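Derivation of every value follows stated rules applied to the coordinates shown; laboratory data play no part. Predicted, not measured: the structure shown is a model, and the values here were computed from it. So basically every Cβ, Gly included, is an ideal-geometry build from the backbone, and we count neighbours across all protein chains shown.
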Amino acid sequence: MPWIIDADPGIDDAAAIITCLRLGCDVVALSIVHGNSPLENTLLNALRLKELIGSAVPVYAGCPRAILEPRRNAGEIHGQDGMGDLQWEPVQSKAEAKHAVDMIIEQSHLHPGNLSILAVGPLTNLAVALVKDSTLAQRIKELVLMGGTSGARGNTTIVGEFNFAADPEAAAIVLEAGIPITLVPWETCLENLVTLEQLQTGGTEALENPVAETFLAMTAELLDRTENVLGYRGFLLCDLLAAALVMDPLVVTEAVDVFAAVETNGTYGRGLTAIDYAKLSGEQPNVNLVLGVDTDRVAALLRQALIA
Ligand code: RIB
Ligand code: CA
């Protein structure tokens, strides 16, 4: 089944991309978006990852900014280059000429009703594609998203998680599109860190390879930052959780079908994931909200990808 990965690499995006590509997911394209770092960085990081793992996956540049929201980046987490500020060799590969929005629409015609999208950054590319082609939604099989919150615990605004807060209009458009959505929210990521010990289960020798060593170098500061912010050490790899459930649906231990929408108005509420747990809206559920995952299974998938 063909997948597009839409991402803003990003350290945890890197974990997701490496895992999907190295464990045999049928990824037909990477579409890259603004987010953790400006598009020029996230695009360069996608090409770096492609070369690091020796993948031929085509990489497409998407939208450099949100539909309305002023620019938001997360350099304090992902580094100034968006992926750990390592010393990288110059990339040899180039992005495709076609815009990611046009690629998404084109792929939906090539795989009508069978194309799925793993989206782990701001949803600008997908939203613009949905606006450009009003029939696109009917050709998309499913979306797996990392984004939003399950209890309004923001990480970017008081109530906004980064991917939704960086482009609330885009998130609203995607959640309203009528495409089956599995959503991994911020709180689920906070409660399900992957630890270094879990990654090392089975021995550390296998992690002595360029891909694993580069990834662990990227995440080095992330461990310290996570401990400083959360008080315990672990890899806060949000996007990996979404990728893991694409690769192994048994990763999910708890989920609930709910109606969810994204607030685009309000001083404090803009970017909020409004969730109708009590079924008060009369709306049909549009999201399968992931509330629990098996971190041992997640860690095993990442380890398998790093030592492949
Ligand atoms: O809030 C976490 C999300 O924002 C992750 O996708 C991370 O990569 C950033 O994009
Ligand atoms: Ca991301």
Cβ-placed point charges (K, R +1; D, E -1), dipole of segment 164-274 about Cα centre in debye, nearest 20: 200 debye
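Between the DSSP loop rule and a limit of at most 16 other Cβ atoms within 10 Å, which chymotrypsin sites (Phe, Trp or Tyr not before Pro) in segment 152-236 are left?
Those that pass, being in a loop and sparsely packed, are TYR232.
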Derived scalar couplings ³J(HN,Hα) [segment 73-84; Karplus, 6.51 cos²θ - 1.76 cosθ + 1.60; whole Hz; x for Gly, Pro]: 10, 9, x, 5, 9, 9, x, 5, 8, x, 8, x
Amide hydrogen neighbours beyond the local backbone of ASN155, cut-off 5 Å, H modeled: GLY160, GLU161, PHE162
Cysteines not pairable in the chain (beta carbon separation under 4.7 Å absent): CYS63
Compactness relative to 2.2 N^0.38 Å, alpha carbon Rg of the chain: 0.92
Per principal axis, descending, Cα span of segment 201-284 in whole Å: 55, 33, 22
Reciprocal mean inverse distance between Cα atoms of segment 165-210 - Kirkwood radius, Å: 14.3 Å
Whole-number percent relative contact order across segment 1-147, with pairs defined as alpha carbons under 8 Å at least 6 apart: 29 percent
Given charges at Cβ of Lys, Arg, Asp, Glu: segment 54-160 dipole, positive-most of VAL91, THR157, VAL120: THR157
P(r) tail fraction, segment 233-272 - alpha-carbon pairs more than 15 Å apart, %: 64 percent
Karplus 3J(HN,Hα) series, Hz, for segment 189-198 with 6.51 cos²θ - 1.76 cosθ + 1.60 (x for Gly, Pro): 5, 4, 8, 9, 6, 9, 9, 4, 4, 4
